[in-house]
Amino acid sequence: MLSALVLISGAEAFAGYREGYYKAMDGKKREALKEAAKSCVAAHTQLEYSNLPEYWQYSDVYPDLVNGCRRWWDMYSNTVYLIQAGQTGKQSFSANKMQREHSIPKSWWKKLGSVEYTPAYSDMWNLYPSDGAANQAKLNYPPGLVEKATFDNGVTRVGTARTGTGGGSANVFEPGEEYRGDFARAFFYMATVYDDINWVVTYMIEPNSYPTLRSWAVDMLLDWARRDPVSQKEIDRNNLVEQYQGNRNPFVDFPELAEYIWGTRTSETFHISDQPGSDPTPPVSGDPEIVSPVSGETLDYGQTAVGNVVNRVLEISGHNLTEALSLRVTGADAALFKPEVTSIPAATMNQNRGYLLNISYAPQSIGKHEAKIVLYDGGLSGSIAVTLRGEALARPELKALHANEPQDMDATSYTASWSEAEGIADYYILTRVRYRDGSTESERYETGETSYRFTDREEGVAETYSVTYSRLGIESPKSNEVYVAATGGIDAVEESGAIELIDMPDGVLIRIAGGAIRGLRIHDVQGRELPTPSEIVSDTFIPLSPGCYILTAPGLRPRRILR
């Protein structure tokens with residue numbers, strides 16, 4: 001399906017925002033204008049990070065089909081990633097081994113060890129679909145100009161920072177010229193909406209309300225925005241993101257806004273009426289028309305388990321409606337398919353050039369199910385019928401996988417691997433927990449493989465990983481948890497044997513190959529004995545302050561622990 005907004009062009013290129021949406025910005029300048037822009041767009045729906053590909057399959061795809069398939073619009077590579085027939089966004093993401101990439105790295109903010117505490121973690125204006133290799137190369141480097149590349153795929157370059165960029169980081173990532181303006185406007189949005197979150201990495205961000213962006217970043221981003229003006233891709237995405245997330249990017253709606261806040265027009269007052277494309281509601285002209293879908297199309301839900309609820313989006317593109325567009329589901333299985341609304345106001349259709357309609361499928365019995373959704377009224381001369389089709393299978397009984405010990409480990413990376421699922425796995429879910437400063441930080445990764453390489457291991461930070469898999473929307477029980485000791489943590493054991501010491505925040509985890517150990521004693525270098533349980537079983541945690549200790553137990557040679 002073509003993007004619902006591909007029809008916007010010419011004089012209407014920047015239209016799309018609601019009347020009065022940006023009223024607070026009118027008559028402001030510089031820092032007051034930045035604060036007003038924040039008040040207009042900061043409130044929005046916080047989306048689930050794991051579900052982003054379900055939205056991106058409409059907001060971040062090329063308008064043209066490739067062999068009848070939609071193609072992901074990846075701003076990090078030229079690789080052709082297709083959404084095959086019958087695939088959901090998440091299924092395609094997994095099959096293509098793509099990743100969710102933060103433009104401003106999530107590790108740049110943190111509160112009590114968590115990066116997920118703020119809506120910035122899943123804000124669509126800071127996240128885009130990405131080629132996996134480019135994402136891994138980009139890591140948490142700031143944007144900049146590369147002097148000497150260590151990674152270059154023709155779109156994304158990563159390497160040493162050219163003088164004047166990077167804000168003190170030795171390395172930067174440099175996007176392709178055709179996307180530099182897109183990223184600049186994403187960074188402007190983030191610096192405006194999230195100026196007050198807990199920034200812990202400050203290569204380009206200053207933790208203040210104004211200017212928030214450091215001077216080198218302002219200069220570079222303004223240059224990128226000038227050289228790469230707002231594109232049709234960004235205009236289309238702006239309208240689609242608003243439908244899902246409920247807010248817009250003002251730096252896309254008003255290409256000169258950054259100049260008023262940080263650039264050449266900071267001494268001028270911003271007036272909406274002076275901005276290009278400032279008419280938010282282009283007049284209705286011409287006959288009512290629905291461009292897509294067309295009668296006979298099918299919205300396929302694929303396979304799911306009985307009792308699950310699956311959501312799909314029907315992209316409705318049209319204009320010049322004179323009354324509300326009505327929706328009705330018909331057919332023998334109509335009760336299983338439920339649209340989120342049964343009527344779409346004409347103003348919504350005309351202003352946005354369309355609507356993304358969520359329709360759920362909730363099968364209660366095994367079998368293939370089919371219904372039709374009919375679009376009518378709106379001033380149309382006829383109606384449009386789209387087939388809704390899904391298949392329900394018995395709920396699978398899934399068994400826990402086995403997570404293996406890490407392989408190919410060095411100071412900054414390691415490979416996590418696990419056993420293959422018995423039967424079919426739609427995708428694997430790897431859960432990684434890092435223990436930092438007395439708190440935990442958890443992330444989930446989806447992949448179609450039975451291994452995943454981490455390249456952002458941190459010195460002094462212990463972590464664990466476990467794995468599950470999904471089949472027909474059901475998630476398996478969790479595997480065993482594998483511990484990865486912190487680098488620069490516990491040092492020296494006299495021998496390997498039945499006992500393993502794993503460095504953890506504020507102590508040591510004792511893992512035993514089998515059985516239990518009695519009579520374990522731990523002394524510090526002054527000879528003082530620390531209290532320990534009378535019997536140690538595997539995965540017992542012993543709190544220890546930084547220092548040097550001696551561990552002894554019957555049948556084991558003494559071991560030295562250096563934390």
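Things worth noting here:
- Filtering the stretch 30-46 for residues that are assigned to a loop (DSSP other than H, G, I, E, B), modelled with pLDDT of 85 or more and open to solvent by less than 70 Å² (accessible area, probe 1.4 Å) leaves a non-empty set.
- Contacts under 6 angstrom Cβ, first residue in the stretch 396-410 being over 30 Å from residue 366 (Cα atoms), partner of a type in the set (Asp, Glu) and at pLDDT 95 or above, 6 or more apart: none
- Every residue from the stretch 412-460 that is under 24 Å from the mean Cα position of the chain (by Cα) and not in a strand (DSSP E or B): 412, 413, 425, 426, 448, 449, 450, 455, 456, 457, 458
- Cross-chain or 6+ apart pairs with Cβ under 6 Å, the stretch 244-267 first and over 16 Å from residue 194 (Cα atoms) and at pLDDT below 95, then aromatic (Phe, Trp, Tyr) and part of a helix (DSSP H, G or I): 244/55
- Those strands (runs of 3 or more DSSP E) lying entirely in the stretch 353-411 with at least 2 residues among the polar types (S, T, N, Q): 354-361
- Some residue of the stretch 335-351 being touching a residue at least 12 places away in the same chain (Cβ under 8 Å), β-branched (Val, Ile, Thr), closer than 30 Å to residue 319 by Cβ and open to solvent by 30 Å² or more (accessible area, probe 1.4 Å): yes
- Among the residues of the stretch 125-149, those identified as assigned to a loop (DSSP other than H, G, I, E, B) and either open to solvent by less than 10 Å² (accessible area, probe 1.4 Å) or touching a helix residue (DSSP H, G or I) at 6+ places or on another chain (Cβ under 6 Å) (or both) are 125, 126, 140, 142, 144.
- Against the list (1) touching an Asp or Glu at 6+ places or on another chain (Cβ under 9 Å); (2) farther than 26 Å from residue 247 by Cβ; (3) open to solvent by less than 20 Å² (accessible area, probe 1.4 Å); (4) without any contact (Cβ under 8 Å) to a residue 40 or more places away in the chain, the condition residue 89 fails is (2).
- Residue match in the stretch 171-178 (condition: of a type in the set (Val, Ile, Thr), outside any strand (DSSP E or B) and either touching a helix residue (DSSP H, G or I) at 6+ places or on another chain (Cβ under 9 Å) or surrounded by 17 or more Cβ atoms within 10 Å (Cβ to Cβ) (or both)): no
- The stretch 368-389 - residue that is among the small types (Gly, Ala, Ser) and open to solvent by less than 20 Å² (accessible area, probe 1.4 Å) and, of those, farthest from the chain's Cα centre (by Cα): 378
- Per-region count, the stretch 99-123, residues outside any helix (DSSP H, G or I) and modelled with pLDDT of 90 or more: 10
- In summary, residue 66 fulfils each of the numbered conditions (1) among the β-branched types (Val, Ile, Thr); (2) open to solvent by less than 20 Å² (accessible area, probe 1.4 Å); (3) farther than 17 Å from residue 127 by Cα with the single exception of condition (2).
- Residues of the stretch 47-74 classified as in a helix (DSSP H, G or I) and hydrophobic (A, V, I, L, M, F, W, C), total: 2
- Residue satisfying condition, being in contact with a Lys or Arg (Cβ under 7 Å, 6 or more places away or on another chain), surrounded by 19 or more Cβ atoms within 10 Å (Cβ to Cβ) and more than 30 Å from residue 110 (Cβ to Cβ), within set 392, 425, 400: 425
- Unmet requirement for residue 77, which otherwise passes all of (1) among the small types (Gly, Ala, Ser); (2) buried (at least 18 other Cβ atoms within 10 Å of the Cβ); (3) in a helix (DSSP H, G or I): (3)
- Considering each residue of the stretch 271-285 in turn, none proves to be of a type in the set (Val, Ile, Thr), loosely packed, with under 15 Cβ neighbours inside 10 Å, under 30 Å from residue 24 (Cβ atoms) and modelled with pLDDT of 90 or more.
- Filtered residue count, the stretch 201-229, keeping only those that are within 20 Å of residue 104 (Cα to Cα), part of a loop (DSSP other than H, G, I, E, B) and in contact with a Gly (Cβ under 7 Å, 6 or more places away or on another chain): 4
- Among the residues making up the stretch 352-367, those that are at pLDDT 90 or above, of a type in the set (S, T, N, Q) and open to solvent by 40 Å² or more (accessible area, probe 1.4 Å) are 364, 365.
The values are calculated or read from the model by the stated rules, or taken from the named source; none is laboratory data. Worth saying up front: this structure is predicted, and the values here are computed from it rather than measured. Cβ coordinates were reconstructed from backbone atoms using ideal geometry, including for glycine residues, and neighbour counts include every protein chain displayed. Ligands, DNA and RNA are stripped out before the accessible areas are found, and what is left, the full protein with its side chains, is counted by its heavy atoms. Shrake-Rupley method; radii C 1.70, N 1.55, O 1.52, S 1.80 Å.
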